[in-house]
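The values are calculated or read from the model by the stated rules, or taken from the named source; none is laboratory data. Only a predicted model underlies this, so the values are computations on that prediction, with no experimental measurement involved. FYI the Cβ positions are ideal-geometry reconstructions off the backbone, even for glycines, and counts take in every protein chain you see. Only protein heavy atoms, including side chains, enter the accessible area calculation; ligands, DNA and RNA are left aside. Shrake-Rupley method; radii C 1.70, N 1.55, O 1.52, S 1.80 Å.
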Amino acid sequence: MAKEPIELTEAEWTIIKAVWNNEPCTAPTIQENLKRKTRWSYSTVRTIMDRMVAKGLLVAEKAGKVTQFRSVVTRAQAQRSELLYALKHAFNGALTPMVQCLLNSRELTAQEVAELEALIKARKTSQKE
């Protein structure tokens, strides 16, 4: 059975990236880490984090007076869901136009081209088996 897609708002992306880099962590720690970038108050950060707990993106564990937060989803899971969402909505599920758009969006280094070719070759090999 397929998991529910993970849909993060821009604010949730900002929070979860900070959580991934600091977990387990507290809301004050996240607010302090994001203060320069977002200018969010503690109450804003805590509200977003509490909503993320309700959505199943974070888990909160109370230890005395301190609440520790951990991510429920991995970076790879969130990235995959975001990419599949774009594929479905922006490209009507058509992979080739999406890849073409990505390839045309910037210059690729020789190493990046080689890595992409290796991924395609590995995929072809695995499909033959």
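The set of residues in the stretch 61-105 that are in contact with a helix residue (DSSP H, G or I) (Cβ under 8 Å, 6 or more places away or on another chain) and among the charged types (D, E, K, R) comprises 70, 75.
When the stretch 16-46 is examined, which residues are found to be more than 19 Å from residue 75 (Cβ to Cβ) and either open to solvent by less than 60 Å² (accessible area, probe 1.4 Å) or outside any helix (DSSP H, G or I) (or both)? Answer for the stretch 16-46, where residues must be more than 19 Å from residue 75 (Cβ to Cβ) and either open to solvent by less than 60 Å² (accessible area, probe 1.4 Å) or outside any helix (DSSP H, G or I) (or both): 26, 27, 31, 38, 39, 40, 41, 44, 45.
Checking the stretch 86-93 against the condition returns a match, with at least one residue being basic (Lys, Arg), in a helix (DSSP H, G or I) and within 30 Å of residue 9 (Cα to Cα).
Flag: residue 13 matches the condition of being open to solvent by 30 Å² or more (accessible area, probe 1.4 Å), within 14 Å of residue 82 (Cα to Cα), assigned to a helix (DSSP H, G or I) and modelled with pLDDT of 95 or more.
Within the stretch 89-100, the set of residues being more than 21 Å from the chain's Cα centre (by Cα) and surrounded by 10 or more Cβ atoms within 10 Å (Cβ to Cβ) comprises 94, 97, 100.
May I ask you to say which residue of 111, 79 is open to solvent by 60 Å² or more (accessible area, probe 1.4 Å), over 17 Å from residue 13 (Cα atoms), part of a helix (DSSP H, G or I) and polar (S, T, N, Q)?
So the residue among 111, 79 that is open to solvent by 60 Å² or more (accessible area, probe 1.4 Å), over 17 Å from residue 13 (Cα atoms), part of a helix (DSSP H, G or I) and polar (S, T, N, Q) is 111.
For (1) modelled with pLDDT of 90 or more; (2) more than 28 Å from residue 47 (Cβ to Cβ), each residue gets a yes or a no:
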| residue | (1), (2) |
| --- | --- |
| 74 | yes, no |
| 90 | yes, yes |
| 103 | no, yes |
| 112 | yes, yes |
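Of the residues making up the stretch 47-71, those that are of a type in the set (Gly, Ala, Ser), in a strand (DSSP E or B) and out of contact with any Ser or Thr (no Cβ under 8 Å at 6 or more places or on another chain) number 2.
Among residues belonging to the stretch 114-129 that are acidic (Asp, Glu) and either within 29 Å of residue 16 (Cα to Cα) or part of a helix (DSSP H, G or I) (or both), point out the one that is most open to solvent (accessible area, probe 1.4 Å). Quick ask: steps written out before the conclusion?
To start, the set of residues in the stretch 114-129 that are acidic (Asp, Glu) comprises 115, 117, 129.
Then drop every residue that is not either within 29 Å of residue 16 (Cα to Cα) or part of a helix (DSSP H, G or I) (or both), which leaves 115, 117.
On the way: 115: 95, 117: 116 Å².
My answer is 117.
Across the stretch 62-71, the number of residues qualifying as open to solvent by less than 80 Å² (accessible area, probe 1.4 Å) and either free of Cβ contacts under 8 Å to residues at least 40 places away in the same chain or not aromatic (Phe, Trp, Tyr) (or both) comes to 6.
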